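Here the structure comes first, spelled out in structure tokens, and everything after it is commentary.
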Amino acid sequence: MSPSPSLPPSGFQVETTVVASGSVADYTAAAQHGLVAEFAALVGVDTSDVALTMTAGSVFMDLVFTVFVP
């Protein structure tokens, strides 16, 4: 009898919003990548598991990351 296939890990998403000064235009692609890298390191996930959305009105940064449960 062959072993049953393993199930893919399940996960959930966590969202946080940060308000920063300035305007969205102040945050270049390199700066946004740096923010994602720092945030990923802080919460212990890979940068590919973090999504950053920036919205004007001060600067609202929505960071969403996925946590996988084995």
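Test SER2 against the criterion of being out of contact with any Asp or Glu (no Cβ under 9 Å at 6 or more places or on another chain) and modelled with pLDDT under 85, and give yes or no.
Yes; evaluated as a whole, the condition is true for this residue.
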#### Entry: Enumeration of residues in the stretch 23-53 that are farther than 22 Å from GLY11 by Cα, among the aliphatic types (A, V, I, L, M) and under 12 Å from the mean Cα position of the chain (by Cα)
LEU35
### Task
Among what's in the stretch 32-68 and is of a type in the set (Asp, Glu) and over 15 Å from VAL18 (Cα atoms), pick the residue that is surrounded by the most Cβ atoms within 10 Å (Cβ to Cβ).
ASP49
### Message
Whether any residue in the stretch 13-24 is surrounded by fewer than 12 Cβ atoms within 10 Å (Cβ to Cβ) and free of Cβ contacts under 8 Å to residues at least 24 places away in the same chain is what I want to check.
### Response
no
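The values are calculated or read from the model by the stated rules, or taken from the named source; none is laboratory data. As the structure is a computational prediction, the values presented were derived from the model and not from experiment. For neighbour counting, all protein chains shown are included, and Cβ atoms are generated from backbone atoms with ideal geometry for every residue, glycine included.
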